[in-house]
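Q: Have a look at the structure that comes next, please.
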Amino acid sequence: MNRIIEQGDYEKLLLHVERLELALKESEEKYQSLYNNSHLMMLIIEPSTGKIIDANPVSCQYYGYSQKEMRTKTIFDINTLSKEETLAEMALAVQEKRKHFNFTHRLANNEIRHVEVYSGPICIQGRKLLYSIIHDITDKVMIAKSLQESENHYRNLMELAPCGVVVFCNKKIVFANPAAAILLGAKEPKDLEGVNFINLIDEEYREIARKRIKRILINKNTNTIINYSFTDLKGRQIQVEAASAFFDYKGKPAVQTVFWDVTERKKELDRAARIQKKRLTTQFPIKEKGKLEVLYKPASFISGDLFHFYRLNEHTVIGLLADVMGKGVTAALSNSAVKVLFYEIAARVKDPLKIIEALNKETPEFLEDEYIAACCFAFDFLENTCQVVCAGISSFSVKLNGRYYLEETLPGSFLGMFKDSVFERKIYKFKTGDVFYFYTDGLEELLDKSWVKNKFTSFTNINKQKKFLESVTFDNEDVKDDLTWLAIEIL
């Protein structure tokens, strides 16, 4: 039975409709405000035809068209995919099977840009349409591409590198090149992945390696070349030179180490170093008159430092401490030449000042453009005097009457630098218990540090002083030069 709508009911219904229309209008105004004022690029697309129904101002500016022009375009004019491919992608968005897409879009000036699109269905005025929110990710894609190219380039370089290269993160190898596999006894580089790199280093070098790796990870820097002994996966021992640097591995702190086999070369150098060390004096020539302590640490296998004593008679000893330019075999040859010259001149002139003057004139003939830093000293146990003459090694130290004088200095240019150089001598009266210290510049810089100086001078025994200096110079990357330290105590 039809119900008769009374006047009051009709007015209520009309008021309800008006309220719905007002709410709908307010909702559309809010939508338009959000759509038009958003900083995000937005498109409204008809999924069946691909026609662009609307585009907000930001997207129009991005694509290079007016809003009127955009409304005449289809998505096929913008998306670089084929029409069929684009329709298939839109169908996924309409069916809400996918919301996120990566495309390349063409701008009005034909520039191709990489975009990230978030898309889904929306109902507007009864029409089922597709909204798309667009982000330009061209820079991100280019950076990723560049990184990928860099990584490929890096890998190609590593594949062809003749030296071994490993990257280890949390002590485990995460990358190794073919040369590393050969050096470490693996069939393929991947066989090294997961291996604890530190455990491959022989035990005597392991603690040094741990300290260096820790410093690299903390300071994010590169360390100097160092020698290690490895035991490879086949149990073969090899000697290597290695340099390590901080490396970012997939966002994690890691270390990259480059190393090369020096086993055969080290055998030859070790032999030369043993010969060089055997020839160095370890006792004072007049044992009942003086006690000698020596700290001798080459920066390389063979040192450019040298020291020699020449006994003139039963109560006089002349000594020479020198630092020859260069390292390795070249330095060893220069050392031999200086030694021969020193013995020949000392036997002839018997005076430290005249020895230095003669060496200054004669070394250029043998060493050409190489200069020598030297200090010559003479102990006369009849007169109880010590004479010191410096030429390049200008600092030395003495302890007289139980008092320690740090860094006595004497002027004097390097041997062979100036033909007419003037040198000076200093004479000390000594007695039992006095100590004379002579050292090359490799140690001089270390002794300049106040904490080293204070600790060193706190020891009254030269043997303990030597042990302290050994501990300070052990694996000290600040010490990059050969160093020699002589302590002569009067008995």
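The values are calculated or read from the model by the stated rules, or taken from the named source; none is laboratory data. Since this is a predicted model, take the numbers as computed values, not measurements. Methodologically, a virtual Cβ is constructed for each residue, glycine included, from the backbone with ideal geometry; neighbour enumeration extends over all protein chains shown.
Q: Scan the range 446-474 and report the pairs whose first residue is closer than 14 Å to residue 436 by Cα and whose second residue is in a loop (DSSP other than H, G, I, E, B), with Cβ atoms within less than 6 Å and a gap of 6+ or a chain change.
A: Listed pairs, sorted by first residue: 465/459.
Q: Moving on. Going residue by residue through the range 334-341, is there one that turns out to be surrounded by 15 or more Cβ atoms within 10 Å (Cβ to Cβ) and either modelled with pLDDT of 90 or more or outside any helix (DSSP H, G or I) (or both)?
A: Scanning the range 334-341 turns up no residue that is surrounded by 15 or more Cβ atoms within 10 Å (Cβ to Cβ) and either modelled with pLDDT of 90 or more or outside any helix (DSSP H, G or I) (or both).
Q: Right, here's the next one. Out of all the residues in the range 256-265, which are surrounded by fewer than 18 Cβ atoms within 10 Å (Cβ to Cβ), at pLDDT 75 or above and out of contact with any helix residue (DSSP H, G or I) (no Cβ under 9 Å at 6 or more places or on another chain)?
A: 263, 264
Q: Out of the residues in the range 143-180 that are assigned to a loop (DSSP other than H, G, I, E, B) and touching a Phe, Trp or Tyr at 6+ places or on another chain (Cβ under 7 Å), which is surrounded by the fewest Cβ atoms within 10 Å (Cβ to Cβ)?
A: Among them, the one singled out is 171.
Q: Next question. Kindly list the number of the only condition in (1) at pLDDT 85 or above; (2) assigned to a helix (DSSP H, G or I); (3) more than 20 Å from residue 254 (Cβ to Cβ) that fails for residue 214.
A: (3)
Q: Could you check the range 311-324 and list, in sequence order, the residues that are without any contact (Cβ under 8 Å) to a residue 60 or more places away in the chain and under 46 Å from the mean Cα position of the chain (by Cα)?
A: 320, 324
Quick grid of which residues meet (1) surrounded by fewer than 16 Cβ atoms within 10 Å (Cβ to Cβ); (2) outside the structural domain of residue 121 (by TED's automatic domain parsing); (3) more than 49 Å from the chain's Cα centre (by Cα); (4) over 21 Å from residue 109 (Cα atoms):
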position: 44; (1), (2), (3), (4): no, no, yes, yes
position: 53; (1), (2), (3), (4): no, no, yes, yes
position: 61; (1), (2), (3), (4): yes, no, no, no
position: 65; (1), (2), (3), (4): no, no, yes, no
position: 69; (1), (2), (3), (4): yes, no, yes, no
position: 75; (1), (2), (3), (4): no, no, yes, no
position: 84; (1), (2), (3), (4): yes, no, yes, yes
position: 88; (1), (2), (3), (4): yes, no, yes, yes
position: 91; (1), (2), (3), (4): yes, no, yes, yes
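Q: So residue 138 ticks every box in (1) surrounded by fewer than 12 Cβ atoms within 10 Å (Cβ to Cβ); (2) touching a residue at least 12 places away in the same chain (Cβ under 8 Å); (3) polar (S, T, N, Q) but one. Which box is left unticked?
A: Residue 138 satisfies every listed condition except (1).
Q: Further, regarding this structure: Scan (1) touching a residue at least 24 places away in the same chain (Cβ under 8 Å); (2) assigned to a loop (DSSP other than H, G, I, E, B); (3) surrounded by fewer than 18 Cβ atoms within 10 Å (Cβ to Cβ); (4) not basic (Lys, Arg) for the single condition residue 194 breaks and write down its number.
A: (1)
Q: Among the listed residues 420, 448, identify the single one that is surrounded by fewer than 19 Cβ atoms within 10 Å (Cβ to Cβ), more than 40 Å from the chain's Cα centre (by Cα) and at pLDDT below 90.
A: None of the others qualify; the one that does is 420.
Q: Just checking, does the range 266-278 include any residue being modelled with pLDDT of 65 or more, of a type outside the set (Ser, Thr, Tyr) and in the same structural domain as residue 375 (by TED's automatic domain parsing)?
A: no
Q: Separate question: Just give me the residues in the range 76-94 being more than 17 Å from residue 43 (Cβ to Cβ) and in a loop (DSSP other than H, G, I, E, B), in sequence order.
A: 82
Q: To continue, here is another question. For the range 95-137, enumerate the residues that are polar (S, T, N, Q), under 14 Å from residue 78 (Cβ atoms) and either touching a helix residue (DSSP H, G or I) at 6+ places or on another chain (Cβ under 7 Å) or in a strand (DSSP E or B) (or both).
A: Correct list: 104, 119, 132.
Q: Still on this structure, please answer the following. Filter the range 76-108 for residues that are hydrophobic (A, V, I, L, M, F, W, C), out of contact with any His (no Cβ under 9 Å at 6 or more places or on another chain) and under 21 Å from residue 63 (Cα atoms) and give the result.
A: 76, 81, 87, 90, 101, 107, 108
Q: Spot the failing condition for residue 80; the list is (1) surrounded by 16 or more Cβ atoms within 10 Å (Cβ to Cβ); (2) farther than 22 Å from residue 127 by Cα, and only one is missed.
A: With (1) surrounded by 16 or more Cβ atoms within 10 Å (Cβ to Cβ); (2) farther than 22 Å from residue 127 by Cα applied to residue 80, the lone miss is (1).
Q: Further, regarding this structure: List the pairs whose first member sits in the range 78-99 and is at negative phi, whose second member is among the hydrophobic types (A, V, I, L, M, F, W, C) and surrounded by fewer than 12 Cβ atoms within 10 Å (Cβ to Cβ), and whose Cβ atoms are under 7 Å apart, counting only residues at least 6 apart or on separate chains?
A: So the pair list comes out as 80/112.
Q: Would you confirm whether or not the range 378-389 contains a residue that is surrounded by 19 or more Cβ atoms within 10 Å (Cβ to Cβ), in the same structural domain as residue 289 (by TED's automatic domain parsing), within 21 Å of residue 305 (Cα to Cα) and free of Cβ contacts under 8 Å to residues at least 40 places away in the same chain?
A: The answer is yes; a qualifying residue exists.
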